[in-house]
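These notes concern the structure reproduced below.
Each value in this text was obtained by applying a stated rule to the coordinates, not by laboratory testing. Quick caveat: nothing in here was measured; it's all calculated off a predicted structure. Glycine gets a Cβ as well: all are built from the backbone with ideal geometry, and neighbour counts include every protein chain shown.
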Amino acid sequence: MPITPTAKIWMDGQFVNWDDAKVHVLSHGLHYGYGAFEGVRAYPTSKGPAIFRLREHMQRLLNSAKILMLEVPFTLDELCDATVEVVRVNGMTNGAYIRPLVYLGYGEMGVNPLPAPVNVSIACWPWGAYLGDDGHNNGVRMKISSWHRHDPNAMPTAAKGTGMYLNSGLAKVEALKAGYDEAILLGPDGRLSECSGENLFIVRDGVIVTPPSSEAGALAGITQASIVTLANDLGYEVRFEAMVRTDLYLADEAFLTGTAAEVVPISSVDDRVVGNGKPGPITSQLQSNYFKIVRGEIPAYEHWLTVC
Ligand code: PMP
C-alpha cells in the first residue's frame, strides 16, 4: 500500500522533515535485518486523535529489543511521549498508522550486532484498511502457505524482529500470486500458527478459539489480546488451543486480527468456504465493537486510549 507523506519523523529524539529522514546504505540493519519494530494505530475520537494501547505496543518493542540484545537509549515513557508528539506534530486528526523502529545504524559492519549503533525512529502516515474495505465488509480469501512460521529456536517468535518478516513476505507473495488475499502459516509442528501479519481466530459452536502464541510460534498480538478481553466481556468462552487446518475448513466462522488489518472476517480457506462465506454473527459483533472501542465510543475501554 502506498505511503502518504506527513510533515515530520522522529529520529533519535529530534524531529526531522519527512524527506530528510534518511539512513546510510551501509546501515547494519539494512544488511542483516537486525532490528525490531511496532505497528500502532491512532483513531479519531470525540476528544481528539487517540492512540490505541500505546504502552502495550511500546513495551512489546522494548521486549523485542531485549530478546535481540538491542540497547534502546530511550525509556518506555520517553517512547510513549515521543509517539504522542509524532501524532500531534503531524496534525493526524483523522487517525494514523504509526511505525516505531529500532534498528542498527551506520558505523560497524559484520554479523556481530553488538558494536553497531542502535537508532530509533517513529513515523506516522494515514493508512486505510490494510486488507481493503471489501475484506473488512465481506471477508478475505486465505491460503495455507507452504512456508511455515519460524521455529522458536531458529527465530525468536515472541519478538517483532525486522528480519523475521522475510518469512511473512514469502508467505504473502505466495498467497497473492496464487490469487488469494492473505496467507496462513503453520507452525513448525504443522499446527495453525498465524497469518503474515495477523493472528487467527475461529468460532466453533459459539466458542472462540485462537492458537496459543508461544506454542504456535505466533506473535502475541495486542489486537488478539483486546479481542479476547472483549469476547469474554460479551460473555463468550475463549480458548487458546492448538488447531489444524481442517479446524479452519470446518469452522462456523473465522477471522483475523492485527493493528494494521484490525478485525477482518475470513470468507474461505484453500477454497473451502467458511460457514456460509459471509461474515458470521460473532465476528461481526466483535468487529463492530472493536471499531467503537478504538474510536472511544465505549467508555469501559477508554483506558486503552491515549489522547494526543
Ligand atoms: N502476527 C504478526 C506476524 C504480526 O506482524 C502482527 C502485527 N503486529 C500480528 C500478528 C498482530 O499483532 P498486533 O495485533 O499486536 O498488531
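Of note:
- Efficiency of FRET from Cβ geometry, Asp205 and Asp12, R₀ 41 Å, rounded to 0.05: 0.20
- Given charges at Cβ of Lys, Arg, Asp, Glu: the range 8-125 dipole, positive-most of Tyr106, Cys124, Thr45: Thr45
- Distances between placed amide hydrogens fall under 5 Å for Arg53 paired with Leu305, Thr306, all partners being 5 or more residues away or on another chain.
- Cβ-placed point charges (K, R +1; D, E -1), dipole of the range 101-221 about Cα centre in debye, nearest 20: 100 debye
- Extension gain, Asn137 back to Arg272 (0.36 nm per residue minus Cα-Cα distance, nm): 46.7 nm
- Each Cα pair under 8 Å and six or more residues apart adds its sequence gap; the mean of these over the residue count of the chain is a relative contact order of 20 percent.
- Extents of the range 1-57, taken as max minus min of Cα coordinates on every principal axis and listed largest first, are 45, 28, 25 Å.
- Whole-Å semi-axes of the ellipsoid equivalent to the range 133-294 (Cα gyration tensor, √5λ, descending): 22, 18, 15
- Under the combined filter of DSSP loop state and at most 15 neighbouring Cβ atoms within 10 Å, the range 187-290 retains these GluC sites (Glu not before Pro): Glu237.
- Using 0.36 nm per residue and subtracting the Cα-Cα separation, the extra length available between Thr246 and Met155 on full extension is 30.1 nm.
- Between Val307 and Arg55, the simple spin-label model (points 7 angstrom out along Cα→Cβ) gives 1.7 nm.
- For the range 17-24, Karplus couplings with θ = phi - 60° (6.51, -1.76, 1.60), whole Hz, Gly/Pro x: 5, 3, 5, 9, 7, 10, 10, 6
- Separation of the range 261-281 from the range 151-168 is 27 Å, based on Cα centroids.
- Directionally averaged projected area (the chain, Cα convex hull): 15.1 nm².
- Hydrodynamic radius of the range 8-125 by the Kirkwood approach over all distinct alpha-carbon pairs: 14.7 Å.
- Nearest-0.05 FRET efficiency for Asp77 and Lys47, computed from C-beta distance (R0 22 Å): 0.55
- Calculated Rg and Dmax of the range 105-209 using C-alpha coordinates, Å: 17.2, 57
- Bins of 10 Å from zero: percent of alpha-carbon pairs in the range 212-308: 14, 44, 33, 8, 1
- Checking every one of the chymotrypsin sites (Phe, Trp or Tyr not before Pro) in the range 23-127 against DSSP loop status and a limit of 16 other Cβ atoms within 10 Å picks out Tyr106.
- Mean residue ellipticity at 222 nm, helices only, the chain: -8500 deg cm²/dmol; runs of at least 4 DSSP H residues each add -39,500 (n - 2.57), and the sum is divided by the number of residues.
- For the range 133-294, the Cβ-based charge dipole about the Cα centre amounts to some 220 debye (Lys, Arg positive; Asp, Glu negative; other atoms uncharged).
- Using θ = phi - 60° and Karplus 6.51 cos²θ - 1.76 cosθ + 1.60, couplings along the range 163-179 (whole Hz; Gly, Pro as x): x, 5, 7, 4, 4, 4, x, 4, 5, 5, 4, 4, 5, 5, 5, 8, x
- Taking every alpha-carbon pair in the range 160-213 and binning the separations at 5 Å intervals from zero gives 4, 18, 23, 25, 17, 8, 4, 1 percent.
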